[in-house]
Amino acid sequence: MTGQRDALQRALDTEYAAVYSYGLIAAYANSDRSRLVAEFSAAHRARRDATIELLEASGSAPEAPDAAYHPPFPVDDPIPAAHLAVAVESDCAAAWYAVVEQATDPAVRASAVEALTEAAVRRARWQAILGTNPVTVSFPGRT
């Protein structure tokens, strides 16, 4: 396996987890946020599908998703749900940052930059909702 392929598979794994987690977020998020949660969930499903296509186009079969994912902390009301969304977007940004670093194909790198940017913007939106200041960091995704 190549560095690009491995990084893409890790990003796909992160997108699978994001799709799953947004189901949990939707169950507990403030009802005022239902449209936002649906929009972000749809974005992760689209990114998951696009990542599968990138892997398949490179001649690699994507690995199947896990049966379930465990949140890093209990989620039982809107505040932990929003914190889970921040964690999900942070994880996605880190995964896509790694793809940017490992990409050898310009199309893969462009897709990764777009995915990283989208995750960083979604994370900033959740940070703003939580009242966090500043809402973003200098290099989203960089650990």
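The values are calculated or read from the model by the stated rules, or taken from the named source; none is laboratory data. Source: prediction; values computed, not measured. Heads up, the Cβs are rebuilt from the backbone with ideal geometry, glycines too, and the neighbour counts pull from every protein chain shown. Ligands, DNA and RNA are stripped out before the accessible areas are found, and what is left, the full protein with its side chains, is counted by its heavy atoms. Shrake-Rupley method; radii C 1.70, N 1.55, O 1.52, S 1.80 Å.
State all residues of the stretch 1-18 that are under 11 Å from ARG47 (Cα atoms) and either of a type in the set (A, V, I, L, M, F, W, C) or over 11 Å from the mean Cα position of the chain (by Cα) (or both); if no residue qualifies, say none.
Scanning the stretch 1-18 gives ALA11, LEU12, ALA18.
Taking THR132 as the residue in question, decide whether it is open to solvent by 20 Å² or more (accessible area, probe 1.4 Å), of a type in the set (Ser, Thr, Tyr) and more than 19 Å from TYR16 (Cα to Cα). Quick ask: steps written out before the conclusion?
Numbers: open to solvent by 20 Å² or more (accessible area, probe 1.4 Å): yes; of a type in the set (Ser, Thr, Tyr): yes; more than 19 Å from TYR16 (Cα to Cα): yes.
Answer is yes for this residue.
Taking the residues in the stretch 107-129 that are aliphatic (A, V, I, L, M) and closer than 24 Å to ARG33 by Cα as candidates, determine which candidate is most open to solvent (accessible area, probe 1.4 Å).
Let us first name the residues in the stretch 107-129 that are aliphatic (A, V, I, L, M), namely 107-108, 110, 112-113, 115-116, 119-121, 124, 128-129.
Okay, now just the ones that are also closer than 24 Å to ARG33 by Cα, so 115-116, 119-121, 124, 128-129.
Values: ALA115: 3, LEU116: 28, ALA119: 0, ALA120: 18, VAL121: 85, ALA124: 22, ALA128: 61, ILE129: 60 Å².
Within the stretch 107-129, the match that is most open to solvent (accessible area, probe 1.4 Å) is VAL121.
Would you be able to say whether some residue in the stretch 94-116 is within 25 Å of ALA29 (Cβ to Cβ), hydroxyl-bearing (Ser, Thr, Tyr), modelled with pLDDT of 95 or more and within 14 Å of the chain's Cα centre (by Cα)?
no
Counting just the residues of the stretch 6-38 that are within 18 Å of LEU116 (Cβ to Cβ) and of a type in the set (D, E, K, R), which one comes out least open to solvent (accessible area, probe 1.4 Å)?
In this case the residue turns out to be GLU15.
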